[in-house]
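Notes follow once the structure below has been shown.
The values are calculated or read from the model by the stated rules, or taken from the named source; none is laboratory data. Bear in mind that the values here come from a model prediction, so they are computed numbers and not experimental data. Cβ placement follows ideal geometry from the backbone for every residue including glycine, while neighbour counts extend to all protein chains displayed.
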Amino acid sequence: MSNKRPRSGSSIDKAVVDVWQRELGQLSSRSFAHRLGGSEDLVLRLDLHRKLEKHKGCVNTVSFNADGDILVSGSDDRRVILWDWETGRIKLSFHSGHDNNVFQAKIMPCTDDRTIVTCAADGQVILAQILERGEVAVTTLGKHQGRAHKLAIEPGSPHIFYTCGEDGLVQHFDLRTRTATELFTCQPVDDRRRFTSVIPLNAITIDPRNPNLFAVAGLAFSEQSELLVSYNDEDIYLFTRDMGLGPNPLPASPVSMGSDASEIGGDHQLAASPSAMDTDEKVIPQVYKGHRNCETVKGVNFFGPKCEYVVSGSDCGRIFIWKKRGGELIRVMEADNTIVNCIECHPHTMVLASSGIDHDIKIWTPKALDRAVLPTNIEQVLKPDRIHCFAFDDYYDDDDDDDDDCLFNDDYFSYDDDDDDDDDDDDDDDDDNDDGDDDNDVDDDNDDFGFDDDDDHNDDAGNCIDDVDDNIANDGNFFGGPNEC
């Protein structure tokens with residue numbers, strides 16, 4: 001056999017070279033898998049694998065466990081569901097213990113997938129532990145004054161995570177002591193914003209290379225410590241650690257009714273525009289354009305084994321994928337009927353999970369026979385619809401500062417379980433009555449989390465809660481032990 005090295009030109013030629021090198025032992029299996037996994041060809045063949053349908057409200061959070069075989073989701077229906085996403089089977093469904101919409105749910109690593117932490121529109125931070133016989137015990141760990149949108153787990157830690165909320169507070173949690181520690185409250189530094197005492201926080205992420213470094217205005221860190229930031233009614237930006245802050249970094253612009261990209265949207269996303277910053281003495285960040293981001297908080301993520309791509313949802317119901325280097329848009333996928341809020345990447349393979357205003361979760365895998373191309377009407381897809389953005393914003397705030405600010409009149413946007421047309425908290429009061437039908441769908445073989453076939457199990461963990469607010473101290477920051485079931 002000739003050892004002459006094949007020429008490399010197109011992506012097909014490169015793939016042939018990789019296979020040839022692997023056969024000769026010149027390319028390790030791991031390197032081959034990484035190169036194959038990062039192939040643009042796989043991105044162009046992403047297609048809908050299946051829909052996961054069980055929630056009765058908007059699905060606000062999806063997250064894979066460390067092994068990637070379980071997907072956890074949370075919804076406006078206040079339930080948390082663990083899925084075998086490959087088969088579509090529900091492994092476990094339980095009431096989160098929250099009084100309002102679940103905004104984020106994550107499985108703590110190295111806990112045998114039995115420890116889940118959640119935060120929600122009620123501001124509470126809750127620990128859910130799956131016990132030996134499959135029962136779920138919930139404990140309130142902390143509380144924000146206002147909605148708590150996101151939490152971030154310290155990479156590889158089964159104990160440490162952080163939360164942020166609309167009160168501008170960042171809290172540190174340690175499950176070994178079950179205590180919450182206030183780290184800081186984000187406050188405006190510009191005199192022009194003195195009318196607001198705090199800056200609401202909707203995102204927090206931890207640098208995987210340095211767990212002591214986290215960002216409260218960024219949505220994702222790459223393995224190379226690059227930071228993705230999505231600005232309200234703006235584009236997505238990629239910042240690197242060597243860019244620095246510049247000689248005179250500017251804070252966020254003040255909010256005014258006549259402002260444009262400097263406005264804070266309905267979910268109070270911090271809306272300072274990098275384009276307005278002084279870039280004379282620093283590197284301009286990579287920009288990813290095309291998606292629409294003004295109605296809700298959009299998830300943005302890196303995609304690929306070496307974070308070769310950037311992926312985001314959009315107000316138009318599509319998923320956008322760009323090349324990280326250069327910012328070229330290569331995929332626009334039709335996903336939801338309305339808004340795609342969540343994009344979660346599988347930890348090991350080229351698989352995506354997406355969710356949003358629709359009540360289902362969509363799993364995307366590279367199974368299509370043909371390579372996708374950008375839509376023929378791509379210019380229309382990318383055209384900003386600013387009138388719609390500002391008009392929609394009115395739905396969020398009815399000036400009475402109550403929880404119904406996150407409810408909508410359209411059936412796509414509301415969760416009203418008892419149809420009493422009042423959109424209040426008692427709409428969900430009959431959640432407990434729905435648990436029976438959930439139990440029929442949970443853990444069909446009754447062995448995933450230790451259920452016995454003859455056990456008349458009720459998976460509504462809300463029955464184990466003896467007024468969760470009793471565990472909350474007056475200052476909302478120090479909390480007692482678990483509730484007794």
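Remark: pairs (first residue in region 334-359, touching a residue at least 60 places away in the same chain (Cβ under 8 Å); second residue among the hydroxyl-bearing types (Ser, Thr, Tyr) and assigned to a loop (DSSP other than H, G, I, E, B); Cβ separation under 7 Å; 6+ apart in sequence or on different chains) = 337/412; 338/412; 341/296; 356/338; 357/338; 357/412; 358/338.
Looking across 147, 178, one residue alone is charged (D, E, K, R), more than 19 Å from the chain's Cα centre (by Cα), in the same structural domain as residue 301 (by TED's automatic domain parsing) and surrounded by fewer than 24 Cβ atoms within 10 Å (Cβ to Cβ). It is 178. Taking the numbered list (1) surrounded by 14 or more Cβ atoms within 10 Å (Cβ to Cβ); (2) hydrophobic (A, V, I, L, M, F, W, C); (3) part of a strand (DSSP E or B) in turn, residue 184 passes all entries but (1). Look at (1) in contact with a Leu (Cβ under 9 Å, 6 or more places away or on another chain); (2) more than 25 Å from residue 58 (Cβ to Cβ); (3) at pLDDT below 90 and you find that residue 377 fails only one, number (1).
Take residue 171 and decide whether it is farther than 29 Å from residue 284 by Cα, in contact with a Lys or Arg (Cβ under 8 Å, 6 or more places away or on another chain) and assigned by TED's automatic domain parsing to the domain that holds residue 287. Walk me through it before giving the result.
Working: farther than 29 Å from residue 284 by Cα: yes; in contact with a Lys or Arg (Cβ under 8 Å, 6 or more places away or on another chain): no; assigned by TED's automatic domain parsing to the domain that holds residue 287: yes.
No: the conditions fail for residue 171.
Selection of strands (runs of 3 or more DSSP E) fully inside region 59-153 by the criterion of at least 3 residues being more than 25 Å from residue 167 (Cα to Cα) returns 79-84, 89-95.
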